[in-house]
């Protein structure tokens, strides 16, 4: 795995993205930005406290502060770093899985021929819709809903078998994303306490059964970076394979804004 600092570049989105990828990158930016905001609030509180204490000391003796408050907000926030890591990882994986579902929905909508399968469809379901377009949209939605409940390995196998597309070109990246998803499942279903099933699936790298899953800040960011690398790769290859619509998802520069405004009819 590349060093932590080197992987932070993965948090920068590519220039061209599908709409599902745009939603994924916005979600990632919101997540990382929120955590940074919380950290900056804690740092600002500690700075303000130090300034206030210094001012009080200049005016005369002050009473002893409570030992807990002496630790500072940032240090007290550190007590909850495991929970923060769990929240970040869970949100990041949910964002990634939503991207996969949204990408499949886009694929089935823009390229309805990819819906072909041996799956049987009830006549009653077909007759609910007045046009072929409505039926295709309904079939796409139902297919995505069914796939959303599959595990990571099952979904990768389905996409490979039915669409001739590999979610992961790199076995290392596949193993890393699978590990991240397993961590999320442990957090959601077992309160982050390692059990035998988790060890059987990913080994004892995170601890032994009965121990809490302890994620440091660098581990969490590495996991998020891995998901970002996976999304960028999947989105680029899927867009090329099926000619999916892509665009830019960024604010206009001042020059672009002026040029856009000048093109509008007066």
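Please treat every number below as a calculation from the coordinates, not as lab data. All of these numbers come straight from a predicted model, not from anything done at the bench. Neighbour counts are summed over all protein chains in view; Cβ atoms, including those assigned to glycine, are modelled from backbone coordinates with ideal geometry.
At-a-glance table
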read-out: Sorted by Cβ neighbour density within 10 Å, fewest at the top, the residues 165, 37; value: 37, 165
read-out: Chain lengthening between residue 166 and residue 32 when straightened (0.36 nm per residue, less Cα-Cα); value: 45.4 nm
read-out: 245, 98 arranged by Cβ crowding within 10 Å, fewest neighbours leading; value: 245, 98
read-out: Which of 152, 83 has the fewest Cβ neighbours within 10 Å, and the rest in rising order; value: 83, 152
read-out: Nearest-0.05 FRET efficiency for residue 41 and residue 175, computed from C-beta distance (R0 45 Å); value: 0.80
read-out: Förster radius 51 Å - calculated FRET efficiency between residue 111 and residue 55 (Cβ-Cβ, nearest 0.05); value: 0.15
read-out: Geometric extent, Cα atoms of the stretch 159-211 - Rg, Dmax (angstrom); value: 13.5, 40
